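Q: Handing you a structure now.
The values are calculated or read from the model by the stated rules, or taken from the named source; none is laboratory data. Remember, it's a predicted structure, so these values are computed and weren't measured experimentally. Here Cβ is always computed from backbone atoms with ideal geometry, including for glycine, and neighbour counts include all displayed protein chains. All accessible areas refer to the heavy atoms of the entire protein, side chains included, with ligands and DNA or RNA removed. Shrake-Rupley method; radii C 1.70, N 1.55, O 1.52, S 1.80 Å.
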Amino acid sequence: MRHADILTAAGAKVPARLRAFLALLAGMEGELMDPTERGELHPLVIPIAREKSGVVVGLLRWPTPDASMELPVVRAGTLGMTLWAGSIDQLLHAELATRDVDGEDSSGLLAAANRDEVLYQPGWVRESGLPLKAYLLMRVGGLPHLYEELALGHQEKGDTMSAAITAERSGSAAPGWARPQAFLSRLMAKQGRPEPAREAARAALTLPLWTLGMPFEEVAERAGWSAPFKADPYRILAEDESKPPLDRAAHWMDVWAIEQRPWSELRPTLSSLYREAGMEDLADFVT
């Protein structure tokens, strides 16, 4: 598989259920992509499929992942990147459980997912005694969008406390991602709570800005920044040669996310900084 070759070349561990993941996306609306078709995508993303909407589904190669961390499944669109699932296994598990509850035939996908080790068996949701969403949160995890759906549901019912608690929990499903904090900030603003909204927005701005999943200007305004909202604070850090190369690379990506410049223009700079940091595989990958 070309995808496995690209992952190996990037110094990433090839997921055991990569074939099942490809089969899942091939069966959805859209088309599988060549993994080398990365032109204007974020430099750390390996494309897998393009949805009809134009959104690209891919795998994210974090520069310095935790040793136990799987490759996250992401969706990259016009507002940056959002986390779909913490791993291929989590996405497959969630999809199989959902199809099982809905009574859909997933025998082919089930066989692919369970080929070497059982991931899901029909009836597991029913046997758990849990509603589907509760099963997904408790037995699958890594699905931040589900927390958002539940939080908005609580909000619509007027249960603002449950909405806030659920939104806060979304951060545990997406460590290192700005979207949960940005979403919490938006929710607090809707509840008329400016101080918590400001705190959450400021927390979001300390995380990778290409993971905000919403306009930077919206978050910066709630954080108390003054318009016009520019990338200058991040650019100063990116240009500071006294800082470690990995930090500078991260700040350059923040600048590009704010200014919405073509990612292809940043690849040479990132490659140079990763090489300076001794990360040859990653330097070659982002080139």
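Q: Exactly one of these conditions fails for LEU136: (1) touching a His at 6+ places or on another chain (Cβ under 9 Å); (2) open to solvent by 40 Å² or more (accessible area, probe 1.4 Å). Give me its number.
A: (2)
Q: If I filter region 166-174 for residues that are crowded, with 16+ Cβ neighbours inside 10 Å, aliphatic (A, V, I, L, M), within 23 Å of GLN90 (Cα to Cα) and in contact with a Pro (Cβ under 6 Å, 6 or more places away or on another chain), do I get at least one hit?
A: yes
Q: Kindly provide the set of residues from region 1-45 that are open to solvent by 60 Å² or more (accessible area, probe 1.4 Å), farther than 21 Å from ALA113 by Cβ and in contact (Cβ under 8 Å) with a residue 40 or more places away in the chain, ordered by number.
A: Matches in region 1-45: ALA9, GLU40.
Q: Let me ask another. Return the only residue of TRP210, TRP225 being touching a strand residue (DSSP E or B) at 6+ places or on another chain (Cβ under 8 Å) and within 28 Å of LEU60 (Cβ to Cβ).
A: Unique residue meeting the criteria: TRP210.
Q: Mind telling me which of the residues ALA231, ALA238, ALA201, ALA223 ends up being open to solvent by less than 50 Å² (accessible area, probe 1.4 Å), in contact with a Ser or Thr (Cβ under 6 Å, 6 or more places away or on another chain) and within 21 Å of GLU259 (Cβ to Cβ)?
A: Exactly one of ALA231, ALA238, ALA201, ALA223 is open to solvent by less than 50 Å² (accessible area, probe 1.4 Å), in contact with a Ser or Thr (Cβ under 6 Å, 6 or more places away or on another chain) and within 21 Å of GLU259 (Cβ to Cβ), namely ALA201.
Q: Same structure again: Given the conditions (1) touching a Lys or Arg at 6+ places or on another chain (Cβ under 8 Å); (2) open to solvent by 50 Å² or more (accessible area, probe 1.4 Å); (3) over 19 Å from GLY27 (Cα atoms), report the number of the one that LEU130 does not fulfil.
A: (2)
Q: Looking only at region 261-284, filter to residues that are assigned to a helix (DSSP H, G or I) and charged (D, E, K, R); which one of those is most open to solvent (accessible area, probe 1.4 Å)?
A: Applying the filter and picking the extreme gives GLU276.
Q: Run down LEU79, LEU71 and say which single residue is at pLDDT below 95, under 16 Å from the mean Cα position of the chain (by Cα), open to solvent by less than 30 Å² (accessible area, probe 1.4 Å) and not charged (D, E, K, R).
A: From the options LEU79, LEU71, the qualifying one is LEU71.
Q: Restrict the check to region 155-164 and report whether at least one residue is modelled with pLDDT of 95 or more, in a loop (DSSP other than H, G, I, E, B) and open to solvent by less than 40 Å² (accessible area, probe 1.4 Å).
A: no
Q: Of the conditions (1) of a type outside the set (Lys, Arg); (2) touching a Lys or Arg at 6+ places or on another chain (Cβ under 8 Å); (3) surrounded by fewer than 16 Cβ atoms within 10 Å (Cβ to Cβ); (4) within 22 Å of ALA20 (Cα to Cα), ASP89 fails just one. Which one is it?
A: Failing condition for ASP89: (3).
Here is a yes/no grid of residues against (1) outside any loop (DSSP other than H, G, I, E, B); (2) under 17 Å from the mean Cα position of the chain (by Cα):
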position: LEU41; (1), (2): no, yes
position: ASP66; (1), (2): no, yes
position: LEU91; (1), (2): yes, yes
position: LEU96; (1), (2): yes, no
position: VAL101; (1), (2): yes, no
position: GLY108; (1), (2): yes, no
position: TYR120; (1), (2): no, no
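Q: So which residues in region 228-242 are among the acidic types (Asp, Glu) and either in a helix (DSSP H, G or I) or under 22 Å from GLU199 (Cβ atoms) (or both), if there are any at all?
A: ASP232, GLU239
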